[in-house]
Amino acid sequence: MGRQCKKKYFKNGRLRWKKKSQSGCYVKQSCMPLKLYNISGQEDDSLFFDLLKRLLKYDPSERIALNDALQQPFFDKISLRQRLV
């Protein structure tokens, strides 16, 4: 994706933008770290947000693989009958 987008937004393979630009100000005002959306603090929610964080890694080499994701504790409470095989 980084190769297809404007190079001014990427440096050394990482997404970059000027924090004082219009888009940078929007991100700072409108977006918060993923973990802050977990307002319940319950274990199930924490497991979900941990899995989500791993699935949404920007760098594909750091992103969790599907087989590994399906082995995460978040899915342990789903019965074998309910799981898609």
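The values are calculated or read from the model by the stated rules, or taken from the named source; none is laboratory data. All values derive from a computational prediction rather than experimental measurement. Backbone-built Cβ (ideal geometry, glycine too); neighbour counts: all protein chains shown.
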Leu36 being modelled with pLDDT of 75 or more, touching a Phe, Trp or Tyr at 6+ places or on another chain (Cβ under 7 Å) and in a helix (DSSP H, G or I) | no
Evaluate the following for Arg81: is it at pLDDT 90 or above and assigned to a loop (DSSP other than H, G, I, E, B)?
-> no
With the first residue restricted to region 29-50 and required to be within 19 Å of Asp68 (Cβ to Cβ), and the second required to be exposed (fewer than 12 other Cβ atoms within 10 Å of the Cβ), Cβ contacts under 7 Å at 6 or more apart or on different chains are Phe49/Lys35
Going through region 48-61 one residue at a time, which ones are part of a loop (DSSP other than H, G, I, E, B) and under 17 Å from Lys35 (Cβ atoms)?
-> Leu56, Lys57, Tyr58
